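The values are calculated or read from the model by the stated rules, or taken from the named source; none is laboratory data. If you're wondering where the values come from, they're calculated on a predicted model, not measured in any experiment. Here the Cβ positions follow ideal geometry from the backbone for every residue, glycine too, while neighbour counts run over all protein chains shown. These area figures cover heavy atoms from the full protein model, side chains too; ligands, DNA and RNA do not enter into them. Shrake-Rupley method; radii C 1.70, N 1.55, O 1.52, S 1.80 Å.
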Amino acid sequence: MGSPVRLLVLLASVCAFVVATSAAAAQGGPLPAPARVADDALARAFERGALSEAEYALERARSLFRLEAVRREFGAVARPDPHAATFILRDLAFRVRDLSGSERREAEAILARPNDDDWPPDQEPHYAPDAIPAMHCDDNMCLHWDENAGSGDAPPEADGDPGTVPPWATTTMGVFQNVWTKEVDTFGYREPRPDADSDPSGDPRLDIYLLDLGAYGIFGYCAWDSSAQASRTRAAYCAVDNDFLEFCGDLPCARRVALAFLRVTAAHEFFHAVQFAYDAMEDRGFMEQTAMWMEDEVYDKVNDNRNYLWDSALRKPHRPLDYEKDLFQYGNWIFWRFLSERHGRDTVRRAWQWADAGSEGPNDYSIGALRRALGEKGTSLHAFYAFFGWANRRPGAYYEEGASYP
């Protein structure tokens, strides 16, 4: 491995490269590049100029819900990772205005809320025309579902009576209430932006929809449906799978397993809605890594995010912190775990406060926001990132749960 001094110099130089490249996406800069989901036929069509950014974003969003149709047109197109839907839809939402005619209408249909009646039933993901709409609300959120027991989108034990709340809907609402309490009330993050301007009902509360997303291999996502929003901060709605049973594979899916999937999905996706209230145009790596970290903060015993550590700095220390290809933006949540264990959970929140792109926010971008948060702790990004690389040689000694990391 070489001497500690040589390792520190090497890691510091890597960190300097990260800071320099991130500075190109400065305040008020261009849109974030479309998410590179895979090196597949769709990515190659984009790279050779056969698709514009907006067209690529539309086709990638179509691949979430109509993968076979996209494959028939382009060839070998990969199924996106279950966590990728939020940013695929973000890419499309930012570029809707660059589309026209039938393409723009299809993009708007994909981004529309599942209970929006303006779209035909073949435009997924939406409730069917014979849906029996039902909802359950508290002061902050409204949970929506289809009470038609014959619908694939209905939660288990739906009985056709919108006046009753199926047990899984009650469970889902309880999980999101706990997530809101932890992330907003306890950890101190900004609550999601009110969506009265974009919600057809004019209700400002966060809307969450139950859908059969498992049929598409998707856990959940958050998006926005109004292309009229011009701010860097956005009001979102969220959707999660209606039972999580499809993700158990060939194993019997006990309720506790489905509940574990629901919990980490809610913690992760809700935090994206929180992030959008700070800056919806932020660096994808920053957003995904901290959302994966948040899963562990809210539901420490689930540990699903450990499945991504094979593609993280623990195994690939040569990659920059903001590397976004492959699954690194998910696996490298480990950096934020290291940061929060060394300097406290609030340091991550301070990074998001420095990234705030609201009307009076400092609007630092990604690495710059992190650098400022570390500066408040009396250290530099260079020094801390070097320490992070050194500690990763012995995770069992430097992380609270490091002995359990693969």
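Here are some notes:
- Extreme residue, positive dipole direction of the chain, given options 405, 33, 276 (C-beta unit charges): 405
- The portion of the accessible surface of the chain made up by carbon and sulfur, rounded to a whole percent, is 50 (1.4 Å probe; DNA, RNA and ligands excluded).
- Å² per residue, accessible surface of the chain at 1.4 Å: 41
- Partners for residue 325 among lysines (Cα-Cα distance below 27 Å; same-chain residues under 8 apart left out): 316
- The dipole here belongs to region 204-354: it is taken about the Cα centre, uses +1 on the Cβ of Lys and Arg and -1 on the Cβ of Asp and Glu, and is about 520 debye.
- Radius 11 Å from Cβ of residue 169, net charge of other residues (Lys, Arg +1; Asp, Glu -1): -4
- Ratio of Rg to Rh over the chain (Cα coordinates, Kirkwood Rh, two decimals): 0.96
- Under-5 Å amide H pairs with residue 207, H placed in peptide plane, nonlocal only: 142, 238
- Rounded to the nearest 0.05, the FRET efficiency derived from the C-beta distance between residue 118 and residue 300 at R0 = 35 Å is 0.25.
- Estimated dipole of the chain in Debye, rounded to 20 [Cβ of Lys and Arg +1, of Asp and Glu -1, Cα centre]: 2440
- Between 118, 304, 39, the Gaussian network model of the chain with springs among Cα atoms under 10 angstrom shows the greatest mean-square fluctuation at 118.
- A Gaussian network model of the chain, with springs between Cα atoms under 10 Å, assigns the largest mean-square fluctuation among 332, 115, 303 to 303.
- Options 84, 385, 244, ranked by Cα towards positive dipole end of the chain, top entry (Cβ charges): 385
- Using Cβ point charges alone (K and R +1, D and E -1), the dipole size of region 150-247 about the Cα centre works out to roughly 580 debye.
- Burial ranking of peptide ranges 378-388, 206-216 (average Cβ count within 10 Å, highest at the top): 206-216, 378-388
- Between 130, 322, 146, the residue with the greatest mean-square fluctuation in the GNM of the chain (Cα pairs under 10 Å linked by springs) is 130.
- Extension reserve of the residue 197-residue 157 stretch, reckoned as 0.36 nm per residue once the Cα distance is removed: 11.0 nm
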